[in-house]
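Read the figures in this text as sums done on the coordinates, not as results from a lab. For clarity, every value in this text was computed on a predicted model and none was experimentally measured. Using ideal geometry, Cβ is built from the backbone for each residue, glycine included, and neighbour counts are taken over all protein chains shown.
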Amino acid sequence: MKIEEELVKLSAEKDMLLTIGVFDGVHLGHRYLISQLKELARQQNLVSGVVTFRQHPQEVLSPQTKLPFLTDFAQRTNLLKNEGVEAIITLSFTPELAQLSARQFIALLKKYLGMRGVVIGPDFALGRNREGNTNTLRRLGREMGFSVTAVPPIVIDGEVVSSTAIRNALAEGDMKRVQKLVGRPFSLHGHVIPGAGRGVELGFPTANLDTDPEQALPAEGVYVGWVHIDDQAYPSMTNIGKRPTFGGNERVVEVYLLDYHSDLYGQELTIDIIERLRGEKKFDAPEELKKRITKDIKQGRAILKTKGGN
């Protein structure tokens, strides 16, 4: 069994208090859950651990439905490490794992990780057909000897913080709402790849970002933000869309760094997207687009200045 092969390599030397989930976005709700996990683990002299999955369960359970991710696997694990948990246990979510009952899965966590308890969030469920809800886990806990702590959701401006709420806010281009729910600016990562060169022709050389096709993206439009290169942050303008002025039909992410003049090809960039300036628009001529970009840059600099930028 693949899950046992993975778990045997991670066998714990000390008993653990665990939380389990995908943690896509590692948003404020996740971070509150993890803070409670760490505090309870400290009180009980247990190791705090996060069990997460390399794939989103929906990829296995409903492959025909594409669920865009907020953070890829590498980003998620790095963000989880930054939360200060003592152990991050990464498992492959396979059809075999999906068929395990809640009892079987818990038994494996107890056997290999010395699990003494679980800390779970709202609407949590595990096991075949999501049978392991809070009530079922509490019953299993009494039988199998582990604790179950349910942590209430975080609510901001009347909205429960969740990955779904963040995806909805992204789809609307509401970056202020996204940042409120996530607790930090929304970031995109990718390598710079060659583009059509139209930015150079306009006098605003852009870097095309090779983002994962399953990456959740903000609504099409022009955004202001920061690009991080070698521990330096540069003000930037990011266009997400199909470049209708030039008859484009493929969605691209292209970024213009305002105060950076070196070659970016091949580099890996991280873009923090702060605010949406406007939706994507088709201009009658490149000169009209050039005038609008100049206006966008002036507006973008003013926004960043009010948020503590240069």
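Quick notes on this structure:
- Environment charge of Glu159, counting only residues whose C-beta is closer than 14 Å and scoring Lys/Arg +1, Asp/Glu -1: +1
- For the chain, modelled as a GNM whose springs connect Cα atoms under 10 angstrom apart, the maximal fluctuation among Gly173, Gly84, Gly158 occurs at Gly158.
- The chain, dipole about Cα centre (Lys/Arg Cβ +1, Asp/Glu Cβ -1), debye to the nearest 20: 840 debye
- Computed log₁₀ I(q)/I(0) - Debye formula, equal Cα scatterers, no solvent, region 107-216, q 0.16 Å⁻¹: -0.92
- For His27, His191, His261, His56, order by how many other beta-carbon atoms lie within 10 Å, fewest first: His261, His191, His56, His27
- Under 18 Å from the Cα of Lys81 - aspartates and glutamates, other chains or at least 8 residues apart: Asp24, Glu39, Asp72
- Of Asn135, Asn168, Asn208, the one that fluctuates the most in a GNM where the chain has Cα springs shorter than 10 Å: Asn135
- Legend: ranking of residues Ser262, Ser11 from fewest to most surrounding C-beta atoms inside 10 Å; resulting order Ser262, Ser11.
- Subset of Lys2/Lys38; Lys38/Lys66; Lys180/Lys290; Lys38/Lys110; Lys282/Lys305 violating a 27 Å alpha-carbon distance limit: Lys2/Lys38; Lys38/Lys66; Lys180/Lys290; Lys282/Lys305
- Applied to region 68-82, the Karplus parametrisation 6.51 cos²θ - 1.76 cosθ + 1.60 on θ = phi - 60° returns per-residue 3J(HN,Hα) values of x, 8, 7, 9, 6, 4, 5, 4, 4, 5, 5, 5, 5, 4, 5 Hz, with x for Gly and Pro.
- Summary of the geometry: region 254-283 and region 55-93, compared by the centres of their Cα atoms, lie 27 Å apart.
- Local electrostatic count at Leu140 - Lys and Arg +1, Asp and Glu -1, tallied over other residues with Cβ under 11 Å: +3
- Length gained when the stretch Asp212-Gln99 is fully extended (0.36 nm per residue, less Cα-Cα span): 37.8 nm
- Neighbour-count order for Phe283, Phe186, Phe23, Phe105, fewest beta carbons within 10 angstrom listed first: Phe283, Phe105, Phe186, Phe23
- Split the chain at each of the GluC sites (Glu not before Pro) in a DSSP loop with at most 13 other beta carbon atoms within 10 Å, and the longest piece is 14-130.
- Of all the options Leu91, Leu209, Leu217, the one that moves most in a Gaussian network model of the chain with Cα springs shorter than 10 angstrom is Leu91.
- Fraction of beta bridges assigned by DSSP in the chain that are antiparallel (%, nearest 5): 70 percent
- You can think of it this way: the chain between Asp284 and His261 has 5.4 nm of extra reach, that is 0.36 nm per residue less the Cα-Cα gap.
- Options [x] 72, 38, 36; [y] 66, 50, 40; [z] 69, 50, 32 - which one matches Cα extents along the principal axes in Å as calculated here: [x]
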